[in-house]
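Engineer: Quick one: the structure is below, and I'll ask about it shortly.
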Amino acid sequence: MVIGDSQANAGNAVPTSESWVSQGLAQAGYVPRIEGYGGTGFLKSRPKDGHPSYLESLKTGAYDLPAGNVGLVVVQGGGNDLKYPDGKIKAAASQTMEILKSKYPDARFAVVSPLNQSGNPASRRIEVAKVLAGVAAAQDAVFIDATGWAAENDLAQYLYPDGLHLNPEGHKLLAPVFAKALADAGLAAVVAAVRSN
């Protein structure tokens with residue numbers, strides 16, 4: 001189950017099921033369920049579209065969360081929170097995690113940083129990623145740093161003109177990178193082998 005932004009929810013004529021987050025989770029053995037809205041973050045909302053922030057969505061029940069337990073909860077994003085100070089991002093991300101951990105006490109958790117599409121080492125996105133890494137550590141969650149992925153995998157050519165969102169081919173190329181990061185962190189789905197005698 002994913003709480004995320006447009007990287008998870010896709011958009012720009014890319015179906016949610018074909019986002020790099022969704023495809024990567026599927027490649028790691030999960031059946032992804034994506035909740036979230038483009039343009040939102042831990043603090044950032046999109047009032048004109050009626051989309052609250054992650055934290056407000058959880059507090060108000062705006063997300064359609066699974067009732068039972070889930071194997072993995074992924075909280076992806078932060079790229080829309082760049083204008084907020086670190087302390088406020090930390091507080092909102094911490095509360096987001098606390099709500100989710102109380103709802104899914106048996107799940108494993110991962111926090112996935114924003115992408116750094118420009119590859120700029122001085123990007124505010126890297127600073128936000130550091131804040132989220134601290135939150136993940138405090139919440140006993142795995143932190144997956146995605147800030148280097150766009151540059152490391154030469155994905156700039158697969159960005160739409162807005163410079164933020166990947167086209168379908170870009171999502172397809174980034175998905176195995178995410179799947180490998182999950183596996184490397186020990187978060188690939190556990191499939192029980194059933195043997196008959």
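Engineer: At R0 = 25 Å, how high is the FRET efficiency between Lys48 and Asn12 if r is their beta carbon distance? Nearest 0.05 is fine.
Structural biologist: 0.90
Engineer: Let me ask something else about it. Whole-Hz Karplus ³J(HN,Hα) for the range 157-165, in order, using 6.51 cos²θ - 1.76 cosθ + 1.60 and θ = phi - 60°, x for Gly and Pro?
Structural biologist: Values, residue by residue: 5, 9, 8, 5, x, 5, x, 10, 10 Hz.
Engineer: Just add up the charged neighbours of Ser118: K/R +1, D/E -1, any other residue whose Cβ is under 11 Å from the Cβ of Ser118.
Structural biologist: Charge balance in the 11 Å sphere: +2.
Engineer: I would also like to ask the following. For the chain, what value does the Rg/Rh ratio take when both radii are computed over Cα atoms and Rh is the Kirkwood radius, given to two decimals?
Structural biologist: 0.95
Engineer: With just the Cα atoms defining each centre, how far is the range 92-166 from the range 21-52? Give it in Å.
Structural biologist: The range 92-166 and the range 21-52 have Cα centres spaced 12 Å from each other.
Engineer: I want the antiparallel fraction of DSSP beta bridges within the chain, as a percent rounded to 5.
Structural biologist: 20 percent
Engineer: For all pairs of alpha-carbon atoms in the range 1-48, what percent lies in each bin of width 10 Å, listed from the first bin to the last filled one?
Structural biologist: Pairs per bin, as whole percents: 29, 51, 18, 2.
Engineer: Right, something else. For the chain, set up a Gaussian network in which alpha carbons nearer than 10 Å are linked by springs, and say which option among Ala93, Ala129, Ala67 fluctuates the most.
Structural biologist: So, out of Ala93, Ala129, Ala67, the one fluctuating most is Ala67.
Engineer: Which whole-Hz couplings ³J(HN,Hα) result when phi for each residue of the range 85-90 is put into the Karplus expression 6.51 cos²θ - 1.76 cosθ + 1.60, θ = phi - 60°, listed in order with x for Gly and Pro?
Structural biologist: x, 3, x, 6, 5, 4
Engineer: With a Cα-only, solvent-free Debye model of the range 103-191, what are the log10 I(q)/I(0) values at q = 0.15, 0.16, 0.21, 0.22 Å⁻¹?
Structural biologist: -0.63, -0.71, -1.06, -1.12
Engineer: Which value at 222 nm does the chain reach when only helices count, each DSSP H run of 4 or more adding -39,500 (n - 2.57), with the total divided by all residues and rounded to the nearest 500 deg cm²/dmol?
Structural biologist: Working: 7 runs with 73 residues, N = 197.
Only helices count here, giving -11000 deg cm²/dmol.
Engineer: Using 0.36 nm per residue, how much length does the chain from Asn153 to Lys59 gain when fully extended, once their Cα-Cα distance is taken away?
Structural biologist: Separation in residues times 0.36 nm, less the Cα-Cα distance, equals 30.2 nm.
Engineer: Run the accessible area of the chain with a 1.4 Å probe and give the carbon-and-sulfur part as a rounded percent.
Structural biologist: 52 percent
Engineer: Give me the 1.4 Å probe accessible area per residue for the chain, excluding ligands and nucleic acids, in Å².
Structural biologist: Per-residue value: 47 Å².
Engineer: Give the residue from Ser113, Gly71, Gln139 lying farthest towards the positive end of the charge dipole for the chain; charges sit on Cβ (+1 for Lys and Arg, -1 for Asp and Glu) and the dipole is referred to the Cα centre.
Structural biologist: Gln139
Engineer: From the backbone phi of the range 27-35, what are the Karplus-calculated ³J(HN,Hα) couplings (6.51 cos²θ - 1.76 cosθ + 1.60, θ = phi - 60°) in whole Hz, Gly and Pro given as x?
Structural biologist: 5, 8, x, 9, 9, x, 10, 9, 10
The values are calculated or read from the model by the stated rules, or taken from the named source; none is laboratory data. Since we're looking at a predicted model, the values are computed, not measured. Methodologically, a virtual Cβ is constructed for each residue, glycine included, from the backbone with ideal geometry; neighbour enumeration extends over all protein chains shown. Quick note on the areas: whole protein, heavy atoms, side chains included, nothing else; ligands and nucleic acids left out. Shrake-Rupley method; radii C 1.70, N 1.55, O 1.52, S 1.80 Å.
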